[in-house]
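Asker: Provided herewith is a single structure, encoded as structure tokens, for subsequent inquiry.
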Amino acid sequence: MPNHHPSDALLVAYGSGSLGEGLSLAVALHLAHCPDCRAALAEVEAVGGVLLDDLPPAPLDGLTLAGTLARLDREDTAAEPAHPAAQATGDPALPAPLRFYVPSLDGLAWQRLAPGVRRVELLPRTASGGAAQLLRIAPGTALPHHGHGGVELTLVLSGHFADELGRYGPGDLAEVDGDTRHQPIADSHRDCVCLIATDAPLRFTGLMGRLMQPFIGL
């Protein structure tokens with residue numbers, strides 16, 4: 001069972017569909033590990049359903065059956081799978097939400113960022129600010145000290161890391177915002193593999209971090 005969980009506000013945002021893709025992926029990976037948070041999400045969704053039921057019906061002026069069917073036909077024709085890898089079974093040891101992006105951690109082309117730090121980009125930064133990537137951090141390696149321009153979610157897949165806020169292991173979700181500055185360090189005998197998702201660029205405080213910023217993509 002994970003020891004670190006998403007905040008209530010984050011679960012509500014996830015349940016309402018208002019999170020970006022990268023942040024949603026991080027929450028979904030935690031939910032795959034945590035039955036307690038899945039139960040809490042079910043309550044959030046139930047409350048949302050009740051609120052929708054209480055809304056007055058919206059007028060349907062200007063809508064016709066023929067027009068609606070034509071629109072559905074256009075959408076079906078244009079629709080494409082968002083993640084082709086979702087068609088593959090992938091590694092069953094990998095949490096299901098991540099298999100939509102990578103079928104397995106084996107054989108990935110890890111890019112070297114710095115001594116002891118490698119990454120695989122999953123979602124490049126967009127105009128709206130979101131980004132997500134996998135990091136593999138060697139034991140004893142510290143990431144540059146940094147702050148945040150928005151929300152940062154880190155989901156541990158294997159190994160452990162620690163920072164000023166606590167220690168995190170498989171399934172744990174570290175949730176920080178613009179008020180937080182920290183320096184994660186892999187503190188176990190094996191690599192720490194984690195997913196990091198942000199909705200705004202990080203703010204590195206040291207020279208090394210600022211030099212790495214163009215290459216990190218977060």
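Asker: When you scan segment 109-134, how many residues do you find that are crowded, with 20+ Cβ neighbours inside 10 Å and in a loop (DSSP other than H, G, I, E, B)?
Answerer: Narrowing segment 109-134 to residues crowded, with 20+ Cβ neighbours inside 10 Å: 117, 119, 122, 130-134.
Then keep just the ones that are in a loop (DSSP other than H, G, I, E, B); that gives 130.
Result for segment 109-134: 1.
Asker: Residues that are part of a strand (DSSP E or B), of a type in the set (S, T, N, Q) and modelled with pLDDT under 95: does segment 135-157 have at least one?
Answerer: We begin by selecting, within segment 135-157, every residue part of a strand (DSSP E or B); these are 135-137, 142, 146-148, 152-157.
Next, from what is left, pick out any that are of a type in the set (S, T, N, Q): 154.
This time we only want the ones that are modelled with pLDDT under 95, so: none.
Among the residues of segment 135-157, not one is part of a strand (DSSP E or B), of a type in the set (S, T, N, Q) and modelled with pLDDT under 95, which makes the answer no.
Asker: Now for a different question. For segment 143-179, give me the residue count where each residue is crowded, with 20+ Cβ neighbours inside 10 Å and at positive phi.
Answerer: Total meeting the criteria: 2.
Asker: Restricting attention to segment 15-30, which residues are within 18 Å of Val156 (Cβ to Cβ) and without any contact (Cβ under 8 Å) to a residue 40 or more places away in the chain?
Answerer: Taking segment 15-30 and keeping what is within 18 Å of Val156 (Cβ to Cβ), we get 22-30.
Within segment 15-30, Ser24 is the sole residue that qualifies.
Asker: Restricting attention to segment 184-200, and to residues there that are part of a loop (DSSP other than H, G, I, E, B) and closer than 18 Å to Ala13 by Cα, which single residue is least open to solvent (accessible area, probe 1.4 Å)? Step through it out loud before you land on a result.
Answerer: As a first pass, look at segment 184-200 and keep what is part of a loop (DSSP other than H, G, I, E, B): 184, 187-191, 199-200.
When the remaining residues are screened for being closer than 18 Å to Ala13 by Cα, the result is 199-200.
On the way: Asp199: 59, Ala200: 18 Å².
Among those that are part of a loop (DSSP other than H, G, I, E, B) and closer than 18 Å to Ala13 by Cα, it is Ala200.
Asker: If I ask for residues that are farther than 21 Å from Arg167 by Cα and buried (at least 20 other Cβ atoms within 10 Å of the Cβ), which ones from segment 1-19 would you list? Walk me through how you get there before you give the answer.
Answerer: Filtering segment 1-19 down to residues farther than 21 Å from Arg167 by Cα leaves 9, 11-19.
Scanning segment 1-19 gives Leu11, Tyr14, Leu19.
Asker: For segment 24-39, indicate whether the set of residues that are touching a helix residue (DSSP H, G or I) at 6+ places or on another chain (Cβ under 9 Å), open to solvent by 60 Å² or more (accessible area, probe 1.4 Å) and at pLDDT 60 or above is non-empty.
Answerer: yes
The values are calculated or read from the model by the stated rules, or taken from the named source; none is laboratory data. Predicted, not measured: the structure shown is a model, and the values here were computed from it. Here the Cβ is made from the backbone with ideal geometry for all residues, glycine too, and neighbour counts use every protein chain on show. Heads up: the accessible areas ignore ligands, DNA and RNA and are worked out on the full protein's heavy atoms, side chains in. Shrake-Rupley method; radii C 1.70, N 1.55, O 1.52, S 1.80 Å.
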